[in-house]
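Below: one structure, written as structure tokens.
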Amino acid sequence: MKPVVKKLLGSSFVGALASPLSVDDYLSLIDSRLSLSEPRGRVTHVVRQTSDSVTLEIEPNDNWQGHRPGQHVLLGVDLDGVRHSRCFSVVSAPNEPMIEVTIKRNGDGRVSNFLVDHAERGQLVHLSPAEGDFYPHAEAPRKALLLSAGSGITPVMSVLRHWIARDEVADVVFVHYARTRDDMIYAAELEAMAQRHDGLRVETVFTADGGRRLDDATLDVLVPDLAQRPTWLCGPAGFMDAAEPLIAARSNETLHREQFAATRREAAHGEGAVRFLNSDVAASGESGSLLEVAEGAGLKPNYGCRMGICHACKCRVAEGSVRDLRTNRVRDVRDTDIQLCIHAAAGDVAVEL
Ligand SMILES: Cc1cc2nc3c(=O)[nH]c(=O)nc-3n(C[C@H](O)[C@H](O)[C@H](O)COP(=O)(O)OP(=O)(O)OC[C@H]3O[C@@H](n4cnc5c(N)ncnc54)[C@H](O)[C@@H]3O)c2cc1C
Ligand code: FES
């Protein structure tokens with residue numbers, strides 16, 4: 001949309017004419033991707049690389065501000081009239097015109113299953129601005145280790161594509177763990193990259209086909225010079241837990257980590273009563289984070305990452321006492337936005353939900 005048209009449509013005069021609907025509501029009738037400010041995209045290509053994943057190429061609208069390699073977006077789809085947004089890493093390199101994401105089925109999770117089973121060309125998706133600091137802050141280091149498992153390959157792949165696009169691959173080792181060759185996303189692309197680039201060595205370990213899980217011995221064989229390699233690491237929580245101490249024991253170089261799921265922590269406990277004002281529902285705060293308390297009470301609050309990254313669960317607390325589950329710090333708040341997934345009640349709390 002031309003900036004002058006956007007400015008005109010964004011004026012308070014046009015806003016008043018559109019009321020009680022929004023200008024975006026009218027624009028959507030012309031083209032669902034049109035919006036004055038919201039990044040949205042249309043799926044232009046769908047590939048099912050494995051039986052439990054789907055790769056989407058998305059053409060963003062002009063509100064999309066671009067991304068850095070390895071960053072993630074909150075991708076939203078409307079299911080039964082309700083918007084559900086979840087975090088997914090952008091796999092494409094920043095220089096590519098389309099956004100690429102690959103989504104792996106997560107248990108009986110709502111969004112991943114819907115997209116793996118039903119994503120199709122032409123579908124509208126809602127996007128957030130890209131976030132995250134997994135990206136390389138300078139040009140590629142002389143030596144680097146990219147280490148991933150399962151769907152954790154996505155942000156790491158973006159970093160590699162970025163270096164390749166800039167012809168910066170001098171000495172990169174990419175170690176990836178998957179259950180089997182058939183389960184591995186980006187297997188063919190990685191093999192082709194390794195053939196084309198002398199500076200790239202790809203090592204794949206298939207754990208259901210006899211490959212050893214990540215341990216001291218395998219790491220020493222696969223990456224003997226790890227001490228000299230800054231590392232980009234992403235994988236399931238158990239893989240991250242195993243990899244981090246092994247890397248720390250061998251290298252003082254920077255470890256960049258991207259986490260897809262919260263590290264297991266002691267069950268969160270709250271105390272006091274929680275009142276959800278807009279829904280006129282009350283519940284005991286004992287059963288966990290405020291997000292879990294709300295879900296336990298039958299409400300359907302927004303969420304994306306469930307670990308304090310994406311802000312999708314942000315909600316206003318009218319008044320009350322809350323505990324930050326990451327730091328255990330308790331504070332009294334009034335008319336304050338908090339992330340429900342990382343706070344528990346520390347006394348009576350009134351939430352505007
Ligand atoms: C920064 C970041 C980047 C990410 N990038 C990617 C990526 O590139 N590709 C990718 O595939 N994933 C990625 N993820 C992970 C992805 O966001 C999650 O897998 C997401 O939860 C999938 O959404 P969903 O709706 O399918 O699952 P959700 O509905 O959110 O469910 C998540 C899990 O909880 C379980 N669950 C749901 N409801 C209940 C319930 N009531 N009781 C018990 N269990 C329940 C589900 O079975 C599922 O295992 C990323 C995550 C983060 C934080
Ligand atoms: S769900 Fe992402 S911050 Fe709470």
* Residues that are part of a helix (DSSP H, G or I) and loosely packed, with under 15 Cβ neighbours inside 10 Å, drawn from segment 1-13 -> P3, V4, V5, K7, L8, S12, F13
* Based on what the data block shows, is A138 modelled with pLDDT under 95 and either outside any loop (DSSP other than H, G, I, E, B) or of a type in the set (D, E, K, R) (or both)? -> no
* Only one of V293, V322, V317, V281 is within 15 Å of ligand 1 (Cβ to nearest atom), among the hydrophobic types (A, V, I, L, M, F, W, C) and not assigned by TED's automatic domain parsing to the domain that holds L79; which? -> V293
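Condition check: buried (at least 20 other Cβ atoms within 10 Å of the Cβ) and either outside any loop (DSSP other than H, G, I, E, B) or not assigned by TED's automatic domain parsing to the domain that holds C87 (or both). Does M193 satisfy that?
No, not satisfied.
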* **Scan of segment 115-138 for residues that are outside the structural domain of P69 (by TED's automatic domain parsing) and more than 18 Å from G66 (Cβ to Cβ), ordered by number** => A138
* To do: Output the number of the condition that S287 fails; it satisfies all remaining conditions of (1) modelled with pLDDT under 95; (2) within 16 Å of ligand 1 (Cβ to nearest atom); (3) farther than 22 Å from G109 by Cβ.
  => (3)
* To do: Would you mind stating whether G308 is on the phi > 0 side of the Ramachandran plot and either out of contact with any Gly (no Cβ under 9 Å at 6 or more places or on another chain) or in the same structural domain as R68 (by TED's automatic domain parsing) (or both)?
  => yes
* Within segment 104-112, identify whether any single residue is outside the structural domain of H311 (by TED's automatic domain parsing), within 30 Å of G15 (Cβ to Cβ), within 12 Å of ligand 1 (Cβ to nearest atom) and of a type outside the set (A, V, I, L, M), and answer yes or no. => no
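The values are calculated or read from the model by the stated rules, or taken from the named source; none is laboratory data. As the structure is a computational prediction, the values presented were derived from the model and not from experiment. Note: ideal-geometry Cβ built from the backbone for every residue, glycine included; neighbour counts use all protein chains shown.
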